[in-house]
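The values are calculated or read from the model by the stated rules, or taken from the named source; none is laboratory data. None of the values given here were measured: they were computed from a predicted structure. Here Cβ is always computed from backbone atoms with ideal geometry, including for glycine, and neighbour counts include all displayed protein chains.
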Amino acid sequence: MKSTIIYDKFCLYCQKFINLVKKLDKQKQFTFLNIHNKKAKDILKKQFGKNYGYSIYLIDKDYIYSGGEATKTIFKILKTPILKFKYLHHFYKPGAKLISILTNRKEKIKIERTKKLKK
């Protein structure tokens with residue numbers, strides 16, 4: 001079963017990250033959902049309630065990850081060279097916040113979470 005990445009298609013940071021993932025995902029291991037899509041909203045509300053916030057989310061097997069944890073896990077699934085991407089997830093938090101400030105976005109950003117999926 002493919003893992004699902006939920007992201008904000010209007011966020012420049014998310015767009016660039018997803019473009020990178022699509023280039024690296026030669027085996028087509030991911031499906032992608034826009035966070036504004038009804039299906040994505042329903043999934044996130046079920047998992048986190050109404051205050052799920054904006055982030056990159058990864059649904060993989062029995063877990064849902066967000067923020068830096070999601071990006072780190074995505075690179076593990078892709079089996080990217082360790083030296084090239086090992087520390088990239090550390091840039092999620094400052095990068096997301098900086099882009100939000102520069103683009104005057106008002107969305108509440110959730111940074112780091114990993115939790116077992118509610119069935």
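Within region 60-73, being of a type in the set (A, V, I, L, M, F, W, C) and within 17 Å of LYS9 (Cα to Cα) holds for one residue alone: ALA70. Can we say LYS46 is more than 21 Å from LYS116 (Cβ to Cβ) and out of contact with any strand residue (DSSP E or B) (no Cβ under 9 Å at 6 or more places or on another chain)? So LYS46 does not fit the description; no.
Residue-level analysis places TYR65 outside the set of residues that are of a type in the set (Phe, Trp, Tyr), farther than 17 Å from LYS2 by Cβ and surrounded by 13 or more Cβ atoms within 10 Å (Cβ to Cβ). If ASN37 satisfies all but one of (1) surrounded by fewer than 17 Cβ atoms within 10 Å (Cβ to Cβ); (2) over 13 Å from the mean Cα position of the chain (by Cα); (3) modelled with pLDDT under 90, what's the number of the condition it fails? Every condition holds for ASN37 apart from (3).
Sub-7 Å Cβ pairs linking a first residue in region 47-72 that is on the phi > 0 side of the Ramachandran plot to a second residue that is in a loop (DSSP other than H, G, I, E, B) and crowded, with 22+ Cβ neighbours inside 10 Å, at least 6 apart or interchain, are GLY67/SER55; GLY67/ILE56, ordered by first then second residue.
LYS93 satisfies every condition listed in (1) at pLDDT 75 or above; (2) surrounded by fewer than 17 Cβ atoms within 10 Å (Cβ to Cβ); (3) within 14 Å of the chain's Cα centre (by Cα); (4) not aliphatic (A, V, I, L, M) except (1). No other residue among TYR13, TYR63, TYR7, TYR52 is hydroxyl-bearing (Ser, Thr, Tyr), out of contact with any His (no Cβ under 7 Å at 6 or more places or on another chain) and more than 24 Å from LYS116 (Cβ to Cβ) apart from TYR13. Identification of strands (runs of 3 or more DSSP E) wholly contained in region 1-64 with 1 or more residues that are over 16 Å from LYS76 (Cα atoms) yields 3-7, 30-34.
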